[in-house]
1. From the list ALA9, ALA58, ALA39, ALA81, exactly one residue is in contact with a strand residue (DSSP E or B) (Cβ under 8 Å, 6 or more places away or on another chain) and free of Cβ contacts under 8 Å to residues at least 40 places away in the same chain. Which is it?
2. Looking at LEU172, LEU143 in this structure, which one is touching a residue at least 24 places away in the same chain (Cβ under 8 Å), part of a loop (DSSP other than H, G, I, E, B) and within 17 Å of SER115 (Cα to Cα)?
3. Looking at LYS20, LYS33 in this structure, which one is farther than 30 Å from TYR91 by Cα and more than 22 Å from the chain's Cα centre (by Cα)?
4. Taking strands (runs of 3 or more DSSP E) that fall entirely within the stretch 1-96, which contain at least 2 residues that are open to solvent by 40 Å² or more (accessible area, probe 1.4 Å)?
5. Tell me which residues, restricted to the stretch 108-140, are without any contact (Cβ under 8 Å) to a residue 40 or more places away in the chain and either among the β-branched types (Val, Ile, Thr) or open to solvent by less than 50 Å² (accessible area, probe 1.4 Å) (or both).
6. Of all residues being without any contact (Cβ under 8 Å) to a residue 12 or more places away in the chain and in contact with a strand residue (DSSP E or B) (Cβ under 9 Å, 6 or more places away or on another chain) in the stretch 93-106, which is farthest from TYR30 (Cα to Cα)? Just the residue, please.
Amino acid sequence: MKPLKTEVAFTTPWFEILGKTMRQGEEPYYSLKLPDYAAVVAITDDERVLIVRQYRPAVEHDTLELPSGLVDAGETPEETARRELLEETGYQAGEVEVLGAMEPDTGRLGNRIWSCVAKGVRRVEGRAPEEGIEVLTWSLDELAQAMVDGRFDHALHVAVVMMAVLKGGVRLPPA
């Protein structure tokens, strides 16, 4: 079933609210149209995973996340993963593998999150992390434990980590 009519109800630089009329005479169904974004499980040569701590206004506290960001127009998910990794952490990837896309919330959101794994990740001399971001390096054991105990609880990023385990050759120990 396709909408009979789709109208932009509200727009911001980050998203649009769409009103979709599915049946004649019914109220519109509202959803958010957002750009796709990419998140990257970035692993250094000594098997450390880069984690970013940053304040998120939506939840009003610091969060622990993977490096990630919006896919710019004309950019591939791999390019986004490389760019965001460098911008947010000051690290550069040797190789990036795009594992595929997932739909974050099919009931409300009209975008995809691209799962990526970067290996051979190294700090770039003279390059600082983005302002407001603290970069942590965790062992795979620490990442697994943080997912279990709820410190690393960004659901979409937990899903990206699991895609990295299932498709990207990342091995997490039992927590």
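1. Selected residue: ALA9, the only one of ALA9, ALA58, ALA39, ALA81 that is in contact with a strand residue (DSSP E or B) (Cβ under 8 Å, 6 or more places away or on another chain) and free of Cβ contacts under 8 Å to residues at least 40 places away in the same chain.
2. LEU172
3. Exactly one of LYS20, LYS33 is farther than 30 Å from TYR91 by Cα and more than 22 Å from the chain's Cα centre (by Cα), namely LYS20.
4. Fully inside the stretch 1-96 and qualifying: 5-11, 16-21, 29-33, 48-56, 61-65.
5. Narrowing the stretch 108-140 to residues without any contact (Cβ under 8 Å) to a residue 40 or more places away in the chain: 123-126, 128, 131.
Correct list: VAL124 only.
6. GLU103
The values are calculated or read from the model by the stated rules, or taken from the named source; none is laboratory data. A quick note: this is a predicted structure, and the numbers were derived from the prediction, not measured. Every residue, glycine as well, gets a Cβ built from its backbone with ideal geometry; the counts of neighbours run over all protein chains shown. Heavy atoms of the whole protein, side chains included, go into the accessibility calculation; ligands, DNA and RNA do not. Shrake-Rupley method; radii C 1.70, N 1.55, O 1.52, S 1.80 Å.
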